[in-house]
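Undergrad: Please read through the structure below; I'll follow up with questions.
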Amino acid sequence: GVAIAGRNVIKIKRVPEILVGVLVMPLIFVFMFAYVFGSSIDVPGGSYREFLVGGAFALILTFGATFTGAGLADDMQKGIVNRFRSLPMSRSAVVFGRTASDVIYNVLSLVVMAAAGLLVGWRIHDGIGSALLGFGLLLLFAYAMSWIMAFVGLLVRNVESVNNASTMVIFPLTFISNTFVPAENLPTALRV
């Protein structure tokens, strides 16, 4: 599993688009929502920019889980998983390695988003210990989402299908949130 995780992390050198997804997309989301949409949402007793960062953390880490499914589907499609099966290693090492490497990607995204959040006005109010616990919970949530996407990636075995399936679920799940749309403006079923 460790060797597979290392392989996936080293892949950043060969596929710089991964680095863009991990580092640039979090910046775009935080700055876009803070400066473009920030004036349209009122947070009683607080700042929308501070309120936004928690939702952006969850959004980016949820979308980051698609790397797992897409990566596994790509490895299956290219026959890499079949090559791994011929080696004396655990069958689960491929999935454990893939999900472990995504934890590393998520930590990088989280650091970038926290820095961007600090730039737009987000602050840690309850101490560094509480913040670290919150980051740990976010990473645990992202890890769980990675396993769901790993299942999808092993099931469909096609990168495009993984991206389509994940978008159909993740996009509404993350954007039907009071982080991006005032809850009182949503229909009753979605508000609940």
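The values are calculated or read from the model by the stated rules, or taken from the named source; none is laboratory data. Please read these numbers as outputs of a predicted model, since none were measured by experiment. Every residue, glycine among them, receives a Cβ derived from its backbone with ideal geometry; neighbour counts consider all protein chains shown. Just the protein is used for accessible areas: all its heavy atoms, side chains included, with ligands, DNA and RNA removed. Shrake-Rupley method; radii C 1.70, N 1.55, O 1.52, S 1.80 Å.
Undergrad: As a check on your grasp of the helix formula, calculate [θ] at 222 nm for the chain: sum -39500 (n - 2.57) over DSSP H runs of n ≥ 4, divide by the residue count, round to the nearest 500.
TA: Values: 10 runs with 139 residues, N = 192.
So the calculated ellipticity at 222 nm is -23500 deg cm²/dmol.
Undergrad: So if I take the centroid of the Cα atoms in region 125-192 and the same for region 60-119, what is the distance between those two points in Å?
TA: Using only Cα atoms to place each centre, the spacing works out to 16 Å.
Undergrad: In debye, nearest 20: dipole of region 1-132 around its Cα centre with unit charges on the Cβ of K, R (+) and D, E (-)?
TA: 720
Undergrad: How large a share of the accessible area of region 73-148, in percent, is made up of carbon and sulfur atoms when the probe is 1.4 Å and the other protein chains stay in place?
TA: On the way: 2950 of 4170 Å².
Carbon plus sulfur share of accessible area: 71 percent.
Undergrad: For region 116-130, what does the Karplus curve 6.51 cos²θ - 1.76 cosθ + 1.60, with θ = phi - 60°, yield as ³J(HN,Hα) per residue in whole Hz, taken in order and with x for Gly and Pro?
TA: With coefficients 6.51, -1.76 and 1.60, one gets 5, x, 4, 5, 8, x, 6, 9, 8, 9, 9, x, 5, x, 5 Hz.
Undergrad: Go through ARG83, ARG191 and list them by solvent-accessible area, largest first, probe radius 1.4 Å.
TA: The residues order as ARG83, ARG191, largest area first.
Undergrad: Per residue, how large is the accessible surface of region 66-186? Use a 1.4 angstrom probe and give square angstrom.
TA: 54
Undergrad: If I take R0 = 30 Å and measure r between the Cβ atoms of ILE128 and LYS13 in this structure, what FRET efficiency does the formula 1/(1 + (r/R0)^6) give, to the nearest 0.05?
TA: After rounding, the FRET efficiency stands at 0.40.
Undergrad: Please report the relative contact order for the chain, taking Cα pairs under 8 Å with a sequence separation of at least 6, and give it as a percent rounded to a whole number. Please list the in-between numbers first.
TA: Working: 205 pairs, mean separation 68.0, N = 192.
About 35 percent, as a whole number.
Undergrad: Sticking with this one: What does the convex hull of the alpha-carbon atoms of region 86-133 project to on average, in nm²?
TA: That works out to 4.7 nm².
Undergrad: Report the extension gain between SER47 and ARG83 in nm, rounded to one decimal, defined as 0.36 nm multiplied by the number of residues separating them, less their alpha carbon distance.
TA: Net length gain for the segment: 7.7 nm.
Undergrad: In Å and on Cα atoms, what radius of gyration and Dmax does region 106-187 show?
TA: So, for region 106-187, Rg and Dmax equal 16.0, 44 Å respectively.
Undergrad: Over all directions, what mean area does the Cα convex hull of region 17-84 project, stated in square nanometres? It would help to have the intermediate numbers written out before the result.
TA: Details: hull surface 22.5 nm².
So the mean shadow area of the Cα hull is 5.6 nm².
Undergrad: For region 60-157, I need the span (max minus min coordinate) of the C-alpha atoms along each principal axis, in Å, sorted largest to smallest.
TA: The Cα atoms of region 60-157 stretch 51, 22, 17 Å along their principal axes.
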